[in-house]
1. With a point put 7 Å past each Cα toward its Cβ, work out how far N7 is from F23 in nm, to one decimal.
2. For the range 13-23, what does the Karplus curve 6.51 cos²θ - 1.76 cosθ + 1.60, with θ = phi - 60°, yield as ³J(HN,Hα) per residue in whole Hz, taken in order and with x for Gly and Pro?
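Read-outs: derived from the displayed coordinates by stated rules, not from any lab. For clarity, every value in this text was computed on a predicted model and none was experimentally measured. Counting neighbours? That spans all protein chains shown, and the Cβs are built from the backbone with ideal geometry, glycine included.
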Amino acid sequence: MPISWNNHLVGFYMEAYYSITSFYNGYGGIEGIEKAKIED
């Protein structure tokens with residue numbers, strides 16, 4: 001696998017990780033997600 005492709009893949013996962021992390025933080029973490037499920 002070319003190094004450039006590997007770096008692109010790492011960047012993709014890092015971006016996805018931070019997107020998911022910010023999503024959780026927006027709901028107040030895991031506890032917020034559980035509360036949202038209960039409210040629904």
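1. Spacing of the two 7 Å Cα→Cβ label points: 2.8 nm.
2. Values per residue, Gly and Pro as x: 5, 5, 5, 5, 4, 5, 5, 5, 4, 5, 5 Hz.
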